[in-house]
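Encoded as structure tokens, the structure appears first; notes follow it.
Nothing in this text is a laboratory measurement; each read-out follows from the coordinates by a stated rule. As the structure is a computational prediction, the values presented were derived from the model and not from experiment. All Cβ positions, even for glycine, are placed from backbone atoms using ideal geometry, and neighbour counts span all protein chains on display.
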Amino acid sequence: MKLLHVNDKVFRAEFRAIAGRRVARTVDITAKVREIIELVRLRGDLALREFVEKHDGLHLHPADFEVRQEKLDAALDSLPADQREALEAAAARIEDYHRRQVMEGFQYSVPPSAGGDPGQYMLGQTVLPFERVGVYAPGGAAPYPSSVLMNVVPAKVAGVKEIVLVSPVKERYSAGLYAAAKIAGVHRVFRMGGAHAIAALAYGTETIPRVQKIVGPGNVWVATAKKLVFGEVDIDMVAGPSEVCVIASEQNDPMLIAHDLLSQAEHDERAVCILVTPSEALARAVIAGTRQLLRSLARRPIAQASLHDFGAAIVTNTLDEAIELVNEFAPEHLEVLLENPREYISRFPAAGALFLGPYTPETVGDYIAGPNHVLPTGGSARFFSPLSVYEFYKRQSVMMFSRAGLAEVSRHLMTLTAMEGLEAHGAAVRYRMENELKLLDLSAPLPEAPAVEAAEEEGEGKKELQLYDLSPEDTRALAGLGEDEDTSARDTNGAGFEGEEVTAPPAAAEFPEETTMPDKIIPGASPEAGAAPAPEAGNPPPEEGPEMAGAVPESAPEPEPSGEEPAGEAEEAAAAVTPGDAPEDDDKPEEDGFFRRLIGGRKRTRKPGKTGE
């Protein structure tokens with residue numbers, strides 16, 4: 001853990017290095033994740049079954065992707081009493097806090113209405129919970145039931161009708177996670193993880209329902225997939241490495257601060273742990289305390305790497321300078337160990353969550369306080385907020401004007417539409433003001449249409465065309481037919497004429513060569529040679545790598561997700577594998593065999609001009 005002083009010449013460079021490395025800049029896997037998503041979108045359960053076997057290590061028929069409700073009930077019943085009691089207490093506190101975020105719609109009329117009369121106009125907003133959301137729960141070496149509670153309970157409070165959870169949790173660790181899902185109110189659980197699970201939630205398959213929003217932390221493959229499907233579905237944010245900042249005055253206990261820094265450092269080798277204080281004596285004492293505590297820590301290698309690369313005790317000249325530096329850093333968690341800490345709440349607008357006073361460790365927010373532990377990271381706390389009930393609503397504007405209400409604003413409307421040169425906009429208002437509007441009797445015959453004059457190309461004069469009664473000659477002329485062509489030859493759906501070859505529009509994902517998709521994928525067999533291809537080094541099991549920052553090849557165990565890992569920026573926040581972990585060459589033969597089997601024995605190629613992005 002470094003000791004830095006703001007007066008040092010190298011301070012700015014050191015500070016930028018620590019803050020900047022919160023966002024990993026490593027090998028980009030976007031092209032590989034995009035291909036996984038496209039295969040699941042195009043082939044559904046057939047591709048999903050292969051990915052589940054390859055990356056999740058599960059040999060499952062699609063009918064067995066879903067965990068049966070009896071198994072969830074059994075997991076809850078088998079849980080030790082103290083664990084069940086703790087999960088239920090945490091869920092109750094989380095629900096109690098989030099119920100205060102419930103939104104309601106509104107309506108108001110001008111002038112105020114009476115007896116249902118909307119007055120001149122009525123304006124309002126309707127608040128609609130999502131019909132279905134997806135929650136991703138990391139599996140890896142151990143489950144995180146707290147992450148399930150934090151992501152599911154707000155959705156339930158918002159009124160989401162169906163909550164679908166996906167997780168690659170190993171069978172021996174599943175009881176706690178399944179019990180948490182049952183307590184939180186999850187409706188359906190599917191055994192899978194990684195980019196393919198995100199794709200299944202975003203597009204739906206024969207067995208996985210399509211959702212409107214996806215939330216929950218995951219490794220670099222999950223985070224990249226969430227970014228790529230955003231727009232098809234909504235997402236919460238992109239998870240990043242966890243971080244804690246402590247601002248403290250000199251009278252604080254240095255060992256208390258050392259314990260809090262280590263509680264964050266043990267999350268991940270890329271977790272960021274910073275102390276900011278005007279006291280150099282306190283800074284030195286805290287560094288010594290972390291060294292002492294590390295000796296007996298079970299996760300010492302992880303915490304030691306975090307403190308070495310991303311740990312610092314920063315000494316400022318004044319408390320105001322310390323506050324300014326904290327806001328520049330914009331930490332995910334901020335512990336405020338100052339005298340009368342509540343007086344400083346408004347001084348830290350850039351922090352994700354505030355932990356005030358010596359009896360409010362960051363740990364209490366991770367599990368049981370009530371506020372959500374899914375928080376923005378990587379400096380995005382400047383503009384992102386914690387996960388909340390608000391994330392699970394769709395808001396809809398409502399408006400209704402009377403004739404008098406429209407007349408009141410029509411003068412301004414006409415001015416504004418003229419300013420922007422949108423003539424038809426103004427005409428739509430003018431028509432209503434100049435005509436008495438009546439409901440049309442659609443059972444009555446249509447009125448005779450006014451004659452429309454059209455100049456013929458030969459210049460032989462003008463000819464009247466009846467809008468609802470075109471002559472055969474006019475029909476042929478408007479359709480671009482010659483005199484001898486028959487209008488009855490037109491296909492009823494407008495796709496083409498009899499005998500005319502119709503060119504279908506290209507699919508969203510273009511495979512230049514026509515391929516016949518196999519009815520079954522044979523794991524480990526190449527269609528051409530029948531031999532098992534070498535495993536893909538660049539696309540390891542999604543849940544076997546660390547999440548977001550510091551991700552390593554997916555063949556490595558997934559480190560503990562902080563649960564509160566949201567928001568990084570763009571490609572940098574999601575790309576978190578080191579250059580030696582995933583090959584940069586996407587065209588290696590051993591990496592092609594897997595995808596060849598999925599698309600029927602032909603490698604997918606891109607058209608000229610297309611990029612991996």
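Quick notes on this one:
- Cα Rg over Rh - region 246-309, Kirkwood: 0.96
- Remark on region 326-448: ratio of C-alpha radius of gyration to 2.2 N^0.38 Å is 2.02.
- Sparse-neighbourhood loop sites, chymotrypsin sites (Phe, Trp or Tyr not before Pro) in region 331-413 - DSSP loop, at most 10 other Cβ within 10 angstrom: Y359, F383
- Sites N340 and L123, calculated FRET efficiency, Cβ-Cβ separation with R0 51 Å, nearest 0.05: 0.70
- Mean Cα-pair separation over length for region 145-236, i.e. relative contact order, pairs under 8 Å, 6 or more apart, %: 25 percent
- Across K227/K394; K182/K394; K170/K227; K2/K227; K54/K394; K71/K161, pairs whose alpha-carbon gap is larger than 30 Å: K2/K227; K54/K394
- Applying 0.36 nm per residue to the separation of A17 and S249 and subtracting their alpha-carbon distance, the gain on full extension is 81.0 nm.
- A simple packing score, the average count of other Cβ atoms within 10 Å per residue, orders the peptides 289-296, 215-222 as 215-222, 289-296, with the highest score first.
- About its Cα centre, region 41-169 has a charge dipole of approximately 360 debye under the convention of +1 per Lys or Arg Cβ and -1 per Asp or Glu Cβ, with nothing else charged.
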